[in-house]
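Visitor: Dropping a structure here in structure tokens format, bear with me for questions.
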Amino acid sequence: MLDITNKKLVFEYDTDQFDFVSMFSNVLNLKEASIDNLHENIDSSFLPKSEISVDNDQSQDIYSILYKIDKGYNLSESHINNRGKFLTKFDDFVTFLAKTVFKENLVYQNRPTLRVAFPGNKAVGDWHRDREYNHPLEEINIWVPITKANNTNTIWIESEFDKEDYAPMNIDFGELLIFDSGLKHGNVLNQESKTRISFDFRVIPASVYKEPDSSSSYSQGIEFKVGDYYSKTSL
Ligand SMILES: [Fe+2]
């Protein structure tokens, strides 16, 4: 089993096989424009009016466009088998990780969370660990930038549990970050003059996954179990 305790690991993947940039560019209607110039190529009504906070970081106006990337994000439908091009490619991506990095099946968040950090703003509101929001302790965090992510427009993570000495994870498109969910993380204000776009999701190695036995394992009405919040790879 992959030992991730107190760690942050970076891996590369094939961007021809997993061409997330073109999918994000298409849904954002960017045509020739570089995806990290989204802020200059979108109607200004979609730019945040003030600094986003923990209460509204998933309700930026841009997400009303971005989540159209796949029909599976339509919460009014049963989503498990309702997968378009992006989520199908995402399933393949998780299978790739299960095979090459974890070397075992993964229980995984079946619709990754999408993030945009515009210049002068953030993508998430506060320093946190996902377990503060009911997520199971066994989860491992995976973070995948669609744009170059460096300095103030990337994720910041503490060096060890509870140190709170946050530092930027400088990684490029074509790389992914896996980190221990016990490490606190968050953003600072993006001062790089480029938009950062990323997606993130959580996995549990199948060998340590436990079916939840209480009703406390809900987030926004979705239960943290396979067939609801999670799917499972089949190697
Ligand atoms: Fe988080």
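Visitor: I need a count of the residues in the range 208-235 that are assigned to a strand (DSSP E or B) and at pLDDT 90 or above.
Guide: Of the residues in that region, 4 qualify.
Visitor: Name the pairs: first residue in the range 161-189 and more than 15 Å from Phe199 (Cβ to Cβ) and free of Cβ contacts under 8 Å to residues at least 40 places away in the same chain, second residue surrounded by fewer than 19 Cβ atoms within 10 Å (Cβ to Cβ) and hydroxyl-bearing (Ser, Thr, Tyr), Cβ to Cβ under 6 Å, at least 6 apart or on different chains?
Guide: Close Cβ pairs (under 6 Å, with a partner that is surrounded by fewer than 19 Cβ atoms within 10 Å (Cβ to Cβ) and hydroxyl-bearing (Ser, Thr, Tyr)) amount to Asp165/Ser159.
Visitor: Another question about this same structure. Only one residue in Asp200, Asp162 is modelled with pLDDT of 95 or more, farther than 18 Å from Glu51 by Cα and part of a loop (DSSP other than H, G, I, E, B), so which one is that?
Guide: After ruling out the rest, the residue left standing is Asp162.
Visitor: Which of the residues belonging to the range 176-201 are more than 13 Å from the ligand (Cβ to nearest atom) and more than 12 Å from Lys8 (Cβ to Cβ)?
Guide: Result: Val188, Leu189, Asn190, Gln191, Glu192, Ser193, Lys194, Thr195, Arg196, Ile197.
Visitor: Would you point out which residue out of Arg115, Arg129, Arg111 is farther than 21 Å from Lys68 by Cβ, of a type in the set (D, E, K, R) and either within 16 Å of the ligand (Cβ to nearest atom) or modelled with pLDDT under 95 (or both)?
Guide: Arg129
Visitor: Here are Ile178, Ile155, Ile204: which of them is of a type in the set (A, V, I, L, M), buried (at least 21 other Cβ atoms within 10 Å of the Cβ) and under 17 Å from Leu114 (Cα atoms)?
Guide: Criteria check complete, one pass: Ile155.
Yes or no, residue by residue, for (1) within 30 Å of His39 (Cα to Cα); (2) loosely packed, with under 15 Cβ neighbours inside 10 Å; (3) in contact (Cβ under 8 Å) with a residue 12 or more places away in the chain:
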{"position": "Asp57", "(1), (2), (3)": "yes, no, yes"}
{"position": "Asn74", "(1), (2), (3)": "yes, yes, no"}
{"position": "Asn82", "(1), (2), (3)": "no, yes, no"}
{"position": "Lys85", "(1), (2), (3)": "yes, yes, yes"}
{"position": "Thr88", "(1), (2), (3)": "yes, yes, no"}
{"position": "Val94", "(1), (2), (3)": "yes, no, yes"}
{"position": "Leu97", "(1), (2), (3)": "no, no, yes"}
{"position": "Gln109", "(1), (2), (3)": "yes, no, yes"}
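Visitor: Another question, then. Name the one entry in Ile146, Ile171 that is away from the ligand (no atom under 15 Å from the Cβ) and in contact with a Pro (Cβ under 8 Å, 6 or more places away or on another chain).
Guide: Matching residue, one of Ile146, Ile171: Ile171.
The values are calculated or read from the model by the stated rules, or taken from the named source; none is laboratory data. Values in this document were obtained by computation on a predicted structure and should not be read as measured data. As a convention, Cβ positions derive from the backbone with ideal geometry for all residues, glycine included, and neighbour counts pool all protein chains shown.
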